[in-house]
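Below is one structure; the comments refer to it alone.
Rule-based calculations on the coordinates, nothing more; no lab input. Bear in mind the structure is a predicted one, so any value in this text is a computation, not a measurement. In this analysis, Cβ positions are derived from the backbone assuming ideal geometry, glycine residues included, and neighbour counts consider all displayed protein chains.
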Number of protein chains: 2
Amino acid sequence: MTGNNNIVVVGSVALDCIETPFGRRSSSLGGSAVYFSWASSLFAPVSLVGVVGKDFPKEYISDMDKRGIDTASLKVAEGRTFRWEGKYEYDLNVAHTLKTELNVFQDFKPKLTAVQKNAEYLFLANIDPELQLKVVNEMNSPRVIALDTMNFWIENKREELMETLKKVNYLLVNDAEARQLGESSNLTTACNKIFRMGPRIIVVKQGEYGVTVFFSERKKIEIFTAPSVPLESVADPTGAGDSFAGAFMGYLASRGRVENSVLRQAVILGSVVASYTVEGFSIDMLKKITIEDVEERFKYLKKISHFESIKDGLK
Amino acid sequence: MTGNNNIVVVGSVALDCIETPFGRRSSSLGGSAVYFSWASSLFAPVSLVGVVGKDFPKEYISDMDKRGIDTASLKVAEGRTFRWEGKYEYDLNVAHTLKTELNVFQDFKPKLTAVQKNAEYLFLANIDPELQLKVVNEMNSPRVIALDTMNFWIENKREELMETLKKVNYLLVNDAEARQLGESSNLTTACNKIFRMGPRIIVVKQGEYGVTVFFSERKKIEIFTAPSVPLESVADPTGAGDSFAGAFMGYLASRGRVENSVLRQAVILGSVVASYTVEGFSIDMLKKITIEDVEERFKYLKKISHFESIKDGLK
């Protein structure tokens, strides 16, 4: 095989215990690679590289198989699955980690199949940058390598992260992470600095305030600002960022083109799918929504962000 | 006179002493009514109701006169002008008040001329809600009454504010103030509650994340999300909100219509003019920019927020 439109995601598969002001859920399916895969599979075939323990419910895997998510590289190892326990207060923007048990994830060594190595789209979810680099080096020549990271790696493995970023085309991070990585309180200044680290597209996720994308094209920087879907009820914000990334990459893969207009649509679709994710716990909503639901909110975002040109001038 | 397109603004006129990481300015022209008037006068005639002391530099008044800002109701009282001393750290979103001297502003009793009472657009800048109500009651029948307020009044004069809000059409507040006033961490929920207090349009200013507007029309709530202009250098954020309000109201008055499409354009123009204001200290940039500059950034915001519909569907 010399190339295909498949997407490979490498990241965590977890059992989450989450408390929000709107409910509590124990041992529910979570992890960055899971949210990514469920979102991505709305648009294009995806295969997941990860590890779980013997305690991982078999129906979670069969659900993914039924969805068409390739789980051939989801290893079942001796021991317990990665577990995360978190709590959100009324301000749902901040997750408070109560407990992290790495378990089998501690010794995670991503192994890709021959088919996966030929994938055209690679998403490196938020894991150790050394592992991310290892995966990049195993790939043949993907068209798009996208990476997510977090404050922990920016602080503690900055050098390794820099090595990995050199090989990355797209960086997807939160607003605070972008400013931290680019060492500036000004987002534009921070992104100018990040461009020199490798990526040529920086997707800055700003939660309920939307997404700002910085494109570096022929030494010129272009910006795209996308709104988020205003929601009246957010049940559980977990997985918003990974759902965003999944829909974003899924749509790109489905179009097979990464020109600016397609990228902008991909960002909007990321926003839409993330908005559904947070309306339920775990992947409940990702399982439920259809492509028609996605199209509906896409049109809604178009409507609420539209404004007309001033045709007769301001004078 | 039975009606005109004039705008009346009631608010503070101040001498500011401001320190930011990019410089320091003493006794410079400031105050909500000043920023509002300079921004507004780009689009429509405006008259200012306020008070200054004997120490207020005469050239600040003659500059306004030259600009066409009506200063007939800017009273020069015995004593010193209202003074505010503030500091911004590298995170320019938060102003730290170092000193406030109310001086002549303490006994401010807004007095409107007969012409002002007939104005069609009234902006009540962030002052004591009791004073705001007094002004509203002096007006004949303005088409639009817009009000700004802040956490201090929401906490300490909630009842008086509620009385004033009953007479107000448009509320312009910051994100945190909207949530505080509507007593919900969810912005949509908060605004639903604010609608029951009186206003039918709520403009939520979100700083560098843009503006979200909630319209209540025939019992249905409509939303408009507007981006801000991404800036690489912000010299002094003071006056951003009042410049926004000035351009917003100025454009509405210039069009003489307040239909949804005009309101959306007014929000974008507010964003544009605020973006210029913060690139300089005091009203430096507001004095400098032309209507062509405004048109240029309007087009820029259109460009960076545009995305195409998915014509062939997602299937």
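Summary of values
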{"quantity": "Full-extension gain in nm, A:Val76 to A:Glu101, via 0.36 nm per residue minus C-alpha separation", "calculated": "7.3 nm"}
{"quantity": "Cβ neighbours within 10 Å from other chains - mean over A:222-228", "calculated": "6"}
{"quantity": "Estimated translational D of region A:65-194 in µm²/s (Stokes, Kirkwood radius over Cα pairs; 10 °C; 1.306 mPa s)", "calculated": "95"}
{"quantity": "Cα-centred dipole magnitude for region B:1-119, charges only on beta-carbon of K, R (+1) and D, E (-1), debye, nearest 20", "calculated": "300"}
{"quantity": "Average partner coverage of A:294-306, which counts Cβ from other chains inside 10 Å", "calculated": "4"}
{"quantity": "Translational D in µm²/s for the protein assembly as shown (Stokes-Einstein at 25 °C, 0.890 mPa s, Kirkwood Rh from C-alpha pairs)", "calculated": "94"}
{"quantity": "Computed [θ] at 222 nm, helices only, for chain A once each DSSP H run of length n ≥ 4 contributes -39500 (n - 2.57)", "calculated": "-11000 deg cm²/dmol"}
{"quantity": "At least 24 Å along the helix axis (C-alpha) and Kyte average at least 0.5, DSSP helices within chain A", "calculated": "A:260-277"}
{"quantity": "Alpha-carbon spread of region A:1-116, three principal axes, descending order, Å", "calculated": "49, 32, 23"}
{"quantity": "Within region A:193-217, backbone nitrogen closer than 17 Å to the virtual label 7 Å beyond the Cα of A:Met162 toward Cβ", "calculated": "A:193-199"}
{"quantity": "Potential extension, A:Phe152-A:Asn260 segment - 0.36 nm per residue separation minus Cα distance", "calculated": "35.7 nm"}
{"quantity": "Kirkwood-based shape ratio for region B:173-315, expressed as Rg/Rh from alpha carbons", "calculated": "1.00"}
{"quantity": "Residue-averaged beta-carbon neighbours from other chains (10 angstrom radius) around B:81-94", "calculated": "1"}
{"quantity": "Theoretical FRET efficiency, 1/(1+(r/R0)^6), r = Cβ-Cβ of B:Lys134 and B:Arg67, R0 41 Å, to 0.05", "calculated": "0.90"}
{"quantity": "21 Å Cα cut-off, lysine pairs counted over region A:14-89 (separation 8 or more, or different chains)", "calculated": "5"}
{"quantity": "Residue-wise HN-Hα coupling along region A:92-109, computed from phi with Karplus coefficients 6.51, -1.76, 1.60 (Hz; x: Gly, Pro)", "calculated": "6, 6, 10, 8, 9, 6, 8, 7, 10, 10, 5, 6, 4, 5, 4, 9, 4, 10"}
{"quantity": "Shape box of region B:7-305 [Cα atoms, principal axes, largest first, Å]", "calculated": "51, 43, 35"}
{"quantity": "Whole-Hz couplings from phi, Karplus 6.51/-1.76/1.60, listed for region B:307-312; x for Gly and Pro", "calculated": "9, 8, 5, 8, 5, 8"}
{"quantity": "Selection from B:Thr71, B:Leu269, B:Gln180 lying farthest towards where the dipole of the protein assembly as shown points positive, charges on Cβ", "calculated": "B:Leu269"}
{"quantity": "Approximate spin-label separation B:Val115-A:Glu222, in nm, with each point projected 7 Å along Cα-to-Cβ", "calculated": "5.0"}
{"quantity": "Rough spin-label spacing in nm, given labels placed 7 Å along Cα→Cβ, for A:Ser27 and A:Lys302", "calculated": "4.5"}
{"quantity": "Nearest-to-axis residue of chain A, judged by beta-carbon position, where the axis maps A onto B, in Å", "calculated": "A:Tyr209, 2"}
